[in-house]
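Here, each number is a calculation from the coordinates, and none is a lab measurement. Treat the numbers as computed from the prediction; the structure is a model and nothing was measured.
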Amino acid sequence: MATKVRGYGMHVSRKIRRLVDRRVAFELSRFGRQVRAVSVNLEDLNGPRGGIDKRCSMQADLTPGGRVRVEKTDCELRAAIGRTAARLAHAVARALERRREAPKGSLGEWREREGA
């Protein structure tokens with residue numbers, strides 16, 4: 001799984017990139033190849049003023065298709081990353097579960113079975 005990290009209004013160091021890679025890999029490893037890639041955007045909303053202003057958003061591209069996007073804002077960047085990764089894992093699990101529960105086949109096949 002490829003992970004792409006971008007920073008907006010802040011510098012993203014190697015240390016932060018490694019943290020993102022570790023957290024994403026830890027949270028999403030149970031899905032194997034069902035998650036193709038993850039895009040991570042880190043943003044400092046208030047700049048040097050401080051406050052609850054570190055936003056982390058993550059988007060997972062699923063196999064064979066589909067996307068899941070989540071975000072979290074926190075006063076600490078590390079906390080925002082960890083909480084967003086956990087939220088992303090939960091959202092991916094829900095999306096994959098809905099996919100498994102969806103009826104199989106196309107609408108045309110359904111009409112043939114129902115005699116329409």
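What are the residues whose amide H is under 5 Å from the amide H of T63, where those residues sit 5 or more places off or on another chain and H is modelled from the backbone?
V35, R36
Which value results when the Cα radius of gyration for the range 2-114 is divided by 2.2 N^0.38 Å?
1.31
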